[in-house]
Each structure stands twice: as C-alpha cells, then as structure tokens.
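**Student:** Can you keep this structure in mind? I'll have questions shortly.
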Amino acid sequence: MKKNILITGGAGFIGSHVVRLFVNKYPVYQIINLDKLTYAGNLENLKDIQDKPNYTFIKGDITEPDFINELFTKYKFDGVIHLAAESHVDRSISDPMAFIYTNIIGTVNLLNAAKSLWTDFSSKLFYHISTDEVYGSLEKEGKFIETTPYDPQSPYSASKASSDHFVRAYHNTYKLPVIISNCSNNYGPNQFPEKLIPLAINNIKNNRPIPVYGKGENIRDWLYVEDHAAAIDLIFHKGKIGKTYNIGGNNEWKNIDLIYKLCEIADCKLNRTPGTSAKLITFVKDRAGHDLRYAIDSSKLEKNLGWKPSLQFEQKIEKTVEWYLDNEEWFKNILTREYEKYYERQYISR
C-alpha cells in the first residue's frame, strides 16, 4: 500500500537509521524527512539514499505551526514518526528553553496539524519516540515498565515527559491515533560526538582526556541503533493504537566499565600496548541530578510483537568502534562546525 510517511529529525542519529530502513524496505512508501539541521542534524548520514526516488528531504522547524500545516496539506501524510528533539542533558541544563520549544511546542504543533488536517483517522498513525529518562532513576534492582510513574530529573527528561503527556492527551481527548515508545541509550554509527561512546572513541584516537562523571558508577542499558530502528518499524506497522512500548537492549553497563571496554577495543585496533588508552580516563565533577541507573523491561514488546534486542554486544560495540575510527572525515566535518567550541568542554552523555 502506498503511504506518505513524515519522519521528523531524520538527519539525526536514530532518525537517519530509521529513514534508511524505511526508504530501503518500503519502496512504495514516500518518505519525507523533515529536519532543522541544527548542530546534531547531518545529511552526510544519508548520502547512500539521498537519490532514491521514494525519499524527500525538507529543511524546516517543527516549532513553526504554519509551516507544519502547509506540509500536512501538501503531502497528506498517512503517518508520522516523530523523532525530532533536543536530546542532550547537559545542554538542557544550560539552556532549558530550547528544549521546551522543540520538544514540547514542536510536538504539540505536529499533534495540532494531525488533529486538524487528518479528516479520517482510520488509516492514520502518530508515532512518538521518547526516552527512558522520563521515568527518573532506578536503584540497583528493578526495571522500567510501561506503567512506571514518570519522575523526570532534568530539563531534558521533563520536556520529553511533557510531550509524552500531550500525545496521550490528544489520543484521549480527540481520539487521535497515537503510539508511544520509550527507549534506552542508543549506540552505533553516526552518533553525534557529544554522546558518551563517540566522544570517548574520538578522544582515545586523539590522545585526549576521556571525561567520566563522578566515579563512573552510573548504569545505562545500551541498545544498538539498528535494533531500535527495527523495533520502530515493527511498532509502526503492528503496534496497537493508544499503547506504549518500552524498547531496551537488555545490556546494562556501568559507565566506567564501558569506557574500559572501549579503551581495550581501541588499543587493539590502533595497535597500542594494552592499557595505553585507559590512562586517558579523567574523572570530573558529577552532573547535577545525575540519575543512577536506567534499565528497560521490553517484555511487552517481545510478547506482543515478537521483537528482541540483539545480544551480540561484543560484536556490535567492536563494529561501532571500527566505524568511528575509520570515518575520520565524518568526524572532521562535524567538528569544523559550531560544535567544536562545545566539544572542548568535554561533556559526556547522560
């Protein structure tokens, strides 16, 4: 069946993998990639599909309601996969308003367009991608489930929690057909280098200090980005309207242990003496309100839709390190943009 699908934030890390999957897997779909191309949006992530006949890129801002309405009117979207968001916690601490505008106002603009311009909801879907950070922090036991109460601890997670609530409110109030998914930390190729894994790999390669917050005891559940894209595909096509699905990697690591693993792999790839890169680890003052642990229970998604995360972490993380080491030009192009000054502040993700 022919469909026009809007994917917002499609030039970003997760979004580019979703766009690529949909363009290649569904040639009868017309995929419209809407991205503002802020510091984290990068069309180089999609060079391999940019000339495909079923792919269209549009530069634009979801915070502009008239522009969004024009897009909905022109393309008559059958579905929306909403990934566009400001996503870096440290940036949200220094500039919360940017997160309020994009993550809340931008989401509501999209919801309003769908509510007003979709005359028949029966074949439509508004799919909103969110984060596990909306649930707050876990202690050493337990995992987040879909009914875990929200307890956001940063401006970023508060903005995402708010957008989740608006999506549910539009379903409950206006019967807009929506689905929400909340994912754990993603890793893989094309991730913007303010995030933990690409930042650490690039610093290792260039013999720069690897910053680790506090003692590195914070724990994250790591999900390979292509596994996430596959889950989004499955939920978009087979998920139930009005439901929420958690997507996790079943793959928990302390930050410090993950850094040591990256150092070990990089030393091997760079022909360095084992232990060389680990000497670059530098402990820095902990982030304000730093959540101790995130862990996602994906059993609902597994039971209802048959999705499972890849458990080949050793192979996937090695593949990820190789990609960043081999794609020096990609790094160089990003770091010559306005991000370079920010990168020098040596933040890490989450």
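**Student:** Looking at region 303-318, which of the residues that are out of contact with any Leu (no Cβ under 7 Å at 6 or more places or on another chain) and surrounded by 14 or more Cβ atoms within 10 Å (Cβ to Cβ) is nearest to TYR150 (Cα to Cα)?
**Tutor:** ASN304
**Student:** Turning to a different aspect of this structure: Of all the residues that make up region 15-42, how many are crowded, with 24+ Cβ neighbours inside 10 Å and in a helix (DSSP H, G or I)?
**Tutor:** So the count comes out to 7.
**Student:** On to the next question. Wholly within region 77-154, which helices (runs of 4 or more DSSP H) include no fewer than the required count, namely at least 1 residues that are of a type in the set (Val, Ile, Thr) and at pLDDT below 95?
**Tutor:** Of the helices (runs of 4 or more DSSP H) lying wholly inside region 77-154, those with at least 1 residues that are of a type in the set (Val, Ile, Thr) and at pLDDT below 95 span 89-94.
**Student:** Another question, then. In the set ASP95, ASP61, ASP78, which member is out of contact with any strand residue (DSSP E or B) (no Cβ under 8 Å at 6 or more places or on another chain) and either polar (S, T, N, Q) or closer than 25 Å to HIS17 by Cα (or both)? I'd like the intermediate steps shown before the answer.
**Tutor:** On the way: ASP95 fails: either polar (S, T, N, Q) or closer than 25 Å to HIS17 by Cα (or both); ASP78 fails: out of contact with any strand residue (DSSP E or B) (no Cβ under 8 Å at 6 or more places or on another chain).
Exactly one of ASP95, ASP61, ASP78 is out of contact with any strand residue (DSSP E or B) (no Cβ under 8 Å at 6 or more places or on another chain) and either polar (S, T, N, Q) or closer than 25 Å to HIS17 by Cα (or both), namely ASP61.
Conditions (1) assigned by TED's automatic domain parsing to the domain that holds ALA161; (2) under 15 Å from LEU301 (Cβ atoms); (3) surrounded by fewer than 22 Cβ atoms within 10 Å (Cβ to Cβ); (4) within 12 Å of the chain's Cα centre (by Cα), marked per residue:
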{"position": "SER181", "(1), (2), (3), (4)": "yes, yes, no, yes"}
{"position": "ALA200", "(1), (2), (3), (4)": "no, no, no, no"}
{"position": "ASN203", "(1), (2), (3), (4)": "no, no, no, no"}
{"position": "ARG208", "(1), (2), (3), (4)": "no, no, yes, no"}
{"position": "LEU234", "(1), (2), (3), (4)": "yes, yes, yes, no"}
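**Student:** Please determine whether any residue of region 216-230 is modelled with pLDDT under 95 and more than 20 Å from VAL134 (Cβ to Cβ).
**Tutor:** Yes, that holds for at least one residue.
**Student:** Only one residue in PHE77, PHE67, PHE121 is surrounded by fewer than 18 Cβ atoms within 10 Å (Cβ to Cβ) and either in contact (Cβ under 8 Å) with a residue 60 or more places away in the chain or touching a Lys or Arg at 6+ places or on another chain (Cβ under 8 Å) (or both). Which one?
**Tutor:** Criteria check complete, one pass: PHE121.
**Student:** Of all residues in region 215-254, which are within 20 Å of GLY188 (Cα to Cα) and small (Gly, Ala, Ser)?
**Tutor:** Residues satisfying the conditions are ALA229, ALA230, ALA231, GLY248, GLY249.
**Student:** Give me the strands (runs of 3 or more DSSP E) completely within region 235-335, filtered to those with at least 1 residues that are over 30 Å from VAL178 (Cβ atoms) and either in contact with a Ser or Thr (Cβ under 9 Å, 6 or more places away or on another chain) or without any contact (Cβ under 8 Å) to a residue 40 or more places away in the chain (or both), ordered by residue number.
**Tutor:** 252-254
**Student:** When you check ALA266 against the structure, is it more than 18 Å from LYS215 (Cα to Cα) and either surrounded by 14 or more Cβ atoms within 10 Å (Cβ to Cβ) or of a type in the set (Asp, Glu) (or both), yes or no?
**Tutor:** yes
**Student:** Please pick out the residue among PRO198, PRO193 that is modelled with pLDDT under 95 and either assigned to a helix (DSSP H, G or I) or under 30 Å from TYR26 (Cβ atoms) (or both).
**Tutor:** PRO198 is the lone residue from the list that is modelled with pLDDT under 95 and either assigned to a helix (DSSP H, G or I) or under 30 Å from TYR26 (Cβ atoms) (or both).
**Student:** Suppose we filter region 147-162 for residues that are surrounded by fewer than 18 Cβ atoms within 10 Å (Cβ to Cβ) and touching a strand residue (DSSP E or B) at 6+ places or on another chain (Cβ under 7 Å); how many remain?
**Tutor:** 0
**Student:** How many of the residues making up region 21-64 are basic (Lys, Arg) and in contact with a Leu (Cβ under 8 Å, 6 or more places away or on another chain)?
**Tutor:** Of the residues in that region, 1 qualify.
The values are calculated or read from the model by the stated rules, or taken from the named source; none is laboratory data. Computed from a prediction, not measured in an experiment: that's the story for all the values here. For neighbour counting, all protein chains shown are included, and Cβ atoms are generated from backbone atoms with ideal geometry for every residue, glycine included.
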